[in-house]
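S.K.: Dropping a structure here in structure tokens format, bear with me for questions.
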Amino acid sequence: MKYKYIIPIIASSLMILSSCDDNLMEWEKDPEHGVVTGAELPLELVEKISRYEPLKTYTNFVLGNGIGADLYMSDPAYRKLVNENFDEVTPGYAMKHGAMVNAKGEINFKTIDDFIAATKAAGLKVFGHTLVWHSNQNASYLNSIIAPTVIPGSSGTNILDVAGLKAGTFANWARNNPGKGISIVANAGLTSTSQAIQLASSATSAQPYSLQLTAPNTTIVAGHNYEISFYIKSDVAGKGRLSFGSTLTNQYPYKDWYNTGGSWVEAFATSSQWQQVKIKLAPGDFKAGSTNFQFNLDLGYLPNVTYLIDVNTIAVVDLDAAPTVVNMLANGKFDGNITGWSKYNGATDALSLAAAANAYEGSGAMKVVNAVTDTGNQWKTQIHSDFTAPLTAGTQYTVSYMIRSEAPGSVRCSTTGGTAQYQGDTATSTTWKLVEWKITASGTEAGLNFDLGGVAGTYYIDNVVVTTGAATGGPTAPITIDKTAAEKTTIIGNAMQDWISKMMTHYKTSVFAWDVVNEPMKEDGTLRNGTEGETATDHFSWAKYLGKDYAVTAFKLARQYGNTTDKLFINDYNLESRLDKCDGLIEYVKYIESKGGTVDGIGTQMHISLTTDRDKMVQMFQKLAATGKLIKISELDIRLGTNAPTVAQQASQAEMYQYVIDMYKKHIPAAQQYGITIWGVSDSVKEHEFWLPDESPNLWDANYVRKHAYKGTADGLAGKDVSKDFSGELVKK
């Protein structure tokens, strides 16, 4: 049955007609009715919208859509809308550093490879989003590579006589062949306050023994294994070995150095970076009846090399000596298991074993994940272990552990049994930290807890000791070495090159347009410099370490490793509301190009609302057009402040979508119009869990029904009211 100018019959309490134009009438929402959907718009408007062609039909420039790669791959209805209506897709998260880079800096391409294959089969292009940003980074990895180096102490109590070294007298040490000189230098060791042995080879040095320092005799126990270790570096590439006295069966045991071609080599190499040298002597290495041994540091292979050996790290350890520390916990090393530890409180997956890569030392660590920040209830994520025996009343114990977290965090220890004792909250970071807590036992303590509920995050714990007196018990304490600003710049620069080069190379034949730099500006139009808040776990400021030229480097790398014809964009938000920010971005583009980078286009995101200043919007387009660059509306959506908009709000949203597109086409010359990307598909909660929750900013409603905004967008793209060309009567379906 055909009808003309149909108005649906609806209870009068739900509808107030304020205009003869059915597109502008207001529809009040019954409090018990819920969200107004596209299906409930006036019938004539619904009929009109249903007869529109797919959006991409109405424009010649690129019409894009910012989408969730997972939704596209898993939701057929969602995928169908994207395929039918758009030319290009931008994966909203899955192509970013945080999504693709793991804790080792390795890139997992599979998700995006599968996504590109699926979109390509549907005839869609993919826009690369985004190479360099301060958010959505694997900040844990990036911070870890510039974190201070924490060097574990020796494996046990040092039995080597180093008193003469620390005194600077070399008492009991022999400088047999001093070369240019062997001396003790203050503040030259691993830390700024530690001593170092300085050994300089002569201009004619050629034999290992041409520069030789001999250690004192060390008493040994028959049948025991021993370890010699120290940290060494040199001003230029160097070479050294250890040789031994007559109590060893082989005075030159080529063992424990680098294995080249399947055989042990004689010497270790040195460089300008501190490195550990370690050699183990087994009982079979000693002659029968030996009661001591002596070793030589032989560094005379090469001429004109100056070596430094940190005095605090040169040690000989009896690996089979009785422990000097009695740990009241059965398992504090976590080498391959977390036996003895259990989750008292927290999520199901709160406690697990971390592999060696995330251990302080050894083959494992305890990993604890706390999902929710609750500063007043640290116990809500709580990991426990029983003591091997009750603590002795009146005795002081030291609780000692190493801890780090993937982002700034907080830890507190507590005891169980009797009256609990509580450690003060202790800050954690991405760097391993030695924490000690001293308690005087009441005799009722039954176990130890790690309370990690204060700050959400992932924590790694290793080397947990509860003992009387000093927890270290003889082994040398760990040493922390900060990297210099120059070292951090080099490391982060290399990380950027690794990331961009691999992304551009891998997608060279499938992605031809990229957001190279995202959101570089502060609201006042100045450049972000890394001093902004970094509380988010995925926040990392490239500019903090690489300076103003970080974007110059990024654009040069993208061009170097991509195609010469790739379109490379810089992208930012609020340019329509902060014209000073727009001006700042334009000036930064000029700066990038003055330094040799090439920026093809500028993206303006335009996450706007109905109240966004239209005059400023026009001025933004005019300013961007004046750059001569390609201009892209990169992330357009229009929020309404509710997930239950009235019909009038939907009509206003449609009009605003049309206005934005009209102004883009009016003020951006056709040759500079890269295109428009609509950010998101629908108002479904699946799309708005993190972005604009409880909102309705998109062109389809929560049920994938076209909204009034669909018509406004299509009319804007077409440059006219498309529905006026419809012929015949509207048909009720």
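The values are calculated or read from the model by the stated rules, or taken from the named source; none is laboratory data. Bear in mind that the values here come from a model prediction, so they are computed numbers and not experimental data. So basically every Cβ, Gly included, is an ideal-geometry build from the backbone, and we count neighbours across all protein chains shown.
S.K.: Say we look at segment 101-113 and pick out the residues that are free of Cβ contacts under 8 Å to residues at least 24 places away in the same chain and more than 17 Å from GLU406 (Cβ to Cβ); which of these is nearest to the chain's Cα centre (by Cα)?
M.R.: ASN108
S.K.: Sticking with this one: Looking only at segment 557-573, count every residue that is part of a loop (DSSP other than H, G, I, E, B), surrounded by fewer than 19 Cβ atoms within 10 Å (Cβ to Cβ) and either at pLDDT below 95 or not hydroxyl-bearing (Ser, Thr, Tyr) (or both) and tell me the total. Quick ask: steps written out before the conclusion?
M.R.: Of segment 557-573, the ones part of a loop (DSSP other than H, G, I, E, B) are 562-566, 573.
Those still in the list that are surrounded by fewer than 19 Cβ atoms within 10 Å (Cβ to Cβ) too: 563-565.
Right, trim to either at pLDDT below 95 or not hydroxyl-bearing (Ser, Thr, Tyr) (or both) and you get 563.
The number of residues fulfilling the criteria is 1.
S.K.: Can you find a residue that is over 42 Å from the mean Cα position of the chain (by Cα) and in a strand (DSSP E or B) anywhere in segment 153-174?
M.R.: Yes: one or more hits.
S.K.: Given the structure, is VAL89 closer than 30 Å to TYR507 by Cβ, modelled with pLDDT of 65 or more, surrounded by 18 or more Cβ atoms within 10 Å (Cβ to Cβ) and out of contact with any Cys (no Cβ under 9 Å at 6 or more places or on another chain)? Break it down into steps so the answer makes sense when it comes.
M.R.: On the way: closer than 30 Å to TYR507 by Cβ: yes; modelled with pLDDT of 65 or more: yes; surrounded by 18 or more Cβ atoms within 10 Å (Cβ to Cβ): yes; out of contact with any Cys (no Cβ under 9 Å at 6 or more places or on another chain): yes.
Spelling it out, VAL89 is indeed closer than 30 Å to TYR507 by Cβ, modelled with pLDDT of 65 or more, surrounded by 18 or more Cβ atoms within 10 Å (Cβ to Cβ) and out of contact with any Cys (no Cβ under 9 Å at 6 or more places or on another chain).
S.K.: While we're looking at this one, here's another question. Going by the structure shown, is ASP235 surrounded by 14 or more Cβ atoms within 10 Å (Cβ to Cβ), assigned by TED's automatic domain parsing to the domain that holds ILE314 and modelled with pLDDT under 85?
M.R.: Values: surrounded by 14 or more Cβ atoms within 10 Å (Cβ to Cβ): yes; assigned by TED's automatic domain parsing to the domain that holds ILE314: yes; modelled with pLDDT under 85: no.
The answer is no for ASP235.
S.K.: Further question on the same structure: Of all residues in segment 425-452, which are small (Gly, Ala, Ser), crowded, with 16+ Cβ neighbours inside 10 Å and not in a loop (DSSP other than H, G, I, E, B)?
M.R.: Scanning segment 425-452 gives a single hit, GLY447.
S.K.: Give all pairs with beta carbons closer than 8 Å in which a residue from segment 285-299 that is at negative phi meets a residue that is charged (D, E, K, R); count only pairs at least 6 apart in sequence or on separate chains.
M.R.: ASP298/ARG241; LEU299/LYS239
S.K.: Can you tell me how many residues in segment 589-600 are in a loop (DSSP other than H, G, I, E, B) and among the β-branched types (Val, Ile, Thr)?
M.R.: Taking segment 589-600 as the starting set, the residues that turn out to be in a loop (DSSP other than H, G, I, E, B) are 595-600.
Applying the additional criterion that residues be among the β-branched types (Val, Ile, Thr) yields 598-599.
Total meeting the criteria: 2.
S.K.: Which of the residues spanning segment 669-713 are in a helix (DSSP H, G or I), farther than 28 Å from ASP600 by Cβ and at pLDDT 95 or above?
M.R.: So in segment 669-713, the residues in a helix (DSSP H, G or I) come out as 670-672, 685-687, 708-713.
With the extra rule that they be farther than 28 Å from ASP600 by Cβ, the set shrinks to 685-687, 708-712.
Within segment 669-713, HIS708, ALA709, TYR710, LYS711, GLY712 qualify.
S.K.: Can you tell me which of ILE586, ILE608 is part of a strand (DSSP E or B), out of contact with any Phe, Trp or Tyr (no Cβ under 9 Å at 6 or more places or on another chain) and among the aliphatic types (A, V, I, L, M)? I'd like the intermediate steps shown before the answer.
M.R.: On the way: ILE586 fails: part of a strand (DSSP E or B).
After applying the criteria, what remains is ILE608.
S.K.: If I ask for residues that are under 14 Å from THR415 (Cβ atoms) and either in a strand (DSSP E or B) or within 26 Å of the chain's Cα centre (by Cα) (or both), which ones from segment 370-398 would you list?
M.R.: GLN378, GLN382, ILE383, HIS384, SER385, ASP386, GLN396, TYR397, THR398, listed by residue number.
S.K.: Out of everything in segment 405-428 that is in contact with a Phe, Trp or Tyr (Cβ under 7 Å, 6 or more places away or on another chain) and among the polar types (S, T, N, Q), what residue ends up being nearest to GLY447 (Cα to Cα)? I'd like the intermediate steps shown before the answer.
M.R.: First pass over segment 405-428, keeping only residues in contact with a Phe, Trp or Tyr (Cβ under 7 Å, 6 or more places away or on another chain): 405, 409, 411-414, 423, 428.
From what is left, the residues that are among the polar types (S, T, N, Q) are 405, 414, 423, 428.
Working: SER405: 23, SER414: 9, GLN423: 14, THR428: 23 Å.
Checking each candidate, the answer is SER414.
S.K.: I've got another one for you. Please go through segment 121-139 and give me each residue that is surrounded by fewer than 21 Cβ atoms within 10 Å (Cβ to Cβ) and either outside the structural domain of TRP514 (by TED's automatic domain parsing) or part of a strand (DSSP E or B) (or both), ordered by number.
M.R.: Of everything in segment 121-139, just one residue is surrounded by fewer than 21 Cβ atoms within 10 Å (Cβ to Cβ) and either outside the structural domain of TRP514 (by TED's automatic domain parsing) or part of a strand (DSSP E or B) (or both), namely LYS125.
S.K.: Let me confirm something: among GLU587, GLU635, GLU576, GLU593, which residue is in the same structural domain as PRO669 (by TED's automatic domain parsing), farther than 16 Å from ASP662 by Cα, buried (at least 19 other Cβ atoms within 10 Å of the Cβ) and acidic (Asp, Glu)? Steps first, please.
M.R.: Details: GLU587 fails: buried (at least 19 other Cβ atoms within 10 Å of the Cβ); GLU576 fails: farther than 16 Å from ASP662 by Cα; GLU593 fails: buried (at least 19 other Cβ atoms within 10 Å of the Cβ).
None of the others qualify; the one that does is GLU635.
S.K.: Being on the phi < 0 side of the Ramachandran plot, crowded, with 16+ Cβ neighbours inside 10 Å, part of a strand (DSSP E or B) and modelled with pLDDT of 80 or more: is that true of ASP538 here?
M.R.: Working: on the phi < 0 side of the Ramachandran plot: yes; crowded, with 16+ Cβ neighbours inside 10 Å: yes; part of a strand (DSSP E or B): no; modelled with pLDDT of 80 or more: yes.
No.
S.K.: Regarding VAL552, is this residue outside any loop (DSSP other than H, G, I, E, B) and in contact (Cβ under 8 Å) with a residue 60 or more places away in the chain? Show your work before the answer.
M.R.: Numbers: outside any loop (DSSP other than H, G, I, E, B): yes; in contact (Cβ under 8 Å) with a residue 60 or more places away in the chain: no.
It is false that VAL552 is outside any loop (DSSP other than H, G, I, E, B) and in contact (Cβ under 8 Å) with a residue 60 or more places away in the chain.
S.K.: Looking at segment 627-652, which of its residues are of a type in the set (S, T, N, Q), over 18 Å from ILE608 (Cβ atoms) and without any contact (Cβ under 8 Å) to a residue 60 or more places away in the chain? Before the answer, list the steps.
M.R.: Taking segment 627-652 first, the residues of a type in the set (S, T, N, Q) are 627, 634, 642-643, 646, 649-650, 652.
Imposing the further condition that a residue be over 18 Å from ILE608 (Cβ atoms) reduces the set to 627, 646.
Passing the criteria: only THR627.
S.K.: Could you please give the count of residues in segment 638-655 that are surrounded by 22 or more Cβ atoms within 10 Å (Cβ to Cβ) and in a helix (DSSP H, G or I)? Explain how you work it out, then say what you get.
M.R.: Start the filter on segment 638-655 by keeping residues that are surrounded by 22 or more Cβ atoms within 10 Å (Cβ to Cβ), which leaves 638, 645, 647, 650-651, 653-654.
If we keep only those that are in a helix (DSSP H, G or I) as well, we get 647, 650-651, 653-654.
Residues that pass the stated criteria total 5.
S.K.: Restricting attention to segment 238-262, and to residues there that are part of a strand (DSSP E or B) and modelled with pLDDT under 90, which single residue is surrounded by the most Cβ atoms within 10 Å (Cβ to Cβ)?
M.R.: Within segment 238-262, the subset part of a strand (DSSP E or B) is 238-244, 248, 259-260.
Of the ones still in play, those that are also modelled with pLDDT under 90 are 259-260.
On the way: ASN259: 10, THR260: 8.
Within segment 238-262, the match that is surrounded by the most Cβ atoms within 10 Å (Cβ to Cβ) is ASN259.
S.K.: Please count how many residues of segment 475-533 are closer than 28 Å to GLN276 by Cβ, assigned to a loop (DSSP other than H, G, I, E, B) and not hydroxyl-bearing (Ser, Thr, Tyr).
M.R.: 4
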